[in-house]
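In what follows, a single structure is set out as structure tokens and then discussed.
The values are calculated or read from the model by the stated rules, or taken from the named source; none is laboratory data. Predicted model only: the values in this text are computed from it and were never measured. Backbone-built Cβ (ideal geometry, glycine too); neighbour counts: all protein chains shown. Protein only, heavy atoms only, side chains kept; ligands, DNA and RNA dropped before computing areas. Shrake-Rupley method; radii C 1.70, N 1.55, O 1.52, S 1.80 Å.
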Amino acid sequence: MTATALLFRDDAYARSCTARILAVTPEGGVVLDRTVFYTQGGGQPGDVGALVRSDGERIEIANTVYGPDRSQVLHLVGAEAVARLTPGESVELQLDWERRFKRMRVHTALHLLSVVLPYPVTGGAISDGDGRLDFDIPDAGLDKAELTDKLNALIARDAPVTDRWITDEELDANPGLVKTMSVQPPRGSGRVRLVEIEGIDLQPCGGTHVRRTGEIGRATITDIEKKGKQNRRVRLSLVD
Ligand SMILES: [Zn+2]
């Protein structure tokens, strides 16, 4: 089975690409050989946008998810639309960039939040313009205004955000690297993608990030919710 090449991993700023249809599913999914559409996972929703055919017909993509074996990506367009599409056909993908860029800003802000609150993260979610992380914190005493100030101070440093792939062997050879990470890297797949916010954070992540923290713009902590004795749900929002 030909895997879908995940172009968003190498360039989160790519808004469109041409691609070839590998297959369509009866449920309304289009499998392409490559995609710029972030595929739902890690608390970040799948991208939305459009698939444009060579005759100019524009078909809306409502969500992007992994297929059953996770090597292929399904662009969900609905059963009625897939009936008109043929494997082998070349199409153009166009991302709803406004929505994706907001998610990139929120996602990167959540990395910074995990630095402001250096506690184990038990969950998280990203939506358009806001997001949350759940922390394992025994004692609360968290102040929204104080957290907001700390978060914006990190954003204002305008630190570069970069990613690189590292093999399991390289990880094993550099135990100090694992120690500096805020999240333990997953083992077993052979390689891990590391995302670094220079001088601030290093963690394994497969998501889409902005190039510099300054692109996040102002953010605010909107809510701190108690979720059980040891858990606090912290929500943030982009100010614009
Ligand atoms: Zn990330």
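Observations, loosely collected:
- Exactly one residue among ALA145, ALA140 is modelled with pLDDT of 90 or more and open to solvent by 20 Å² or more (accessible area, probe 1.4 Å), and that residue is ALA145.
- Filtered residue count, the range 161-191, keeping only those that are touching a residue at least 24 places away in the same chain (Cβ under 8 Å) and out of contact with any Asp or Glu (no Cβ under 9 Å at 6 or more places or on another chain): 5
- Pairs, first within 16 Å of LYS179 (Cα to Cα) in the range 100-121, second within 15 Å of the ligand (Cβ to nearest atom) and in a loop (DSSP other than H, G, I, E, B), C-beta under 6 Å, six or more apart: SER114/SER182; VAL115/ILE200
- Counting residues in the range 149-165 that are of a type in the set (A, V, I, L, M), at pLDDT 90 or above and open to solvent by 50 Å² or more (accessible area, probe 1.4 Å) gives one or more.
- Inspection of the range 225-240 identifies at least one residue that is open to solvent by 20 Å² or more (accessible area, probe 1.4 Å), under 18 Å from the mean Cα position of the chain (by Cα) and more than 16 Å from the ligand (Cβ to nearest atom).
- SER114 passes every criterion in (1) more than 16 Å from the ligand (Cβ to nearest atom); (2) at pLDDT below 95; (3) in a helix (DSSP H, G or I) apart from (1).
- Members of the range 182-216 found to be assigned to a loop (DSSP other than H, G, I, E, B) and near the ligand (Cβ under 9 Å from one of its atoms), listed by number: CYS205, GLY206, GLY207, THR208, HIS209
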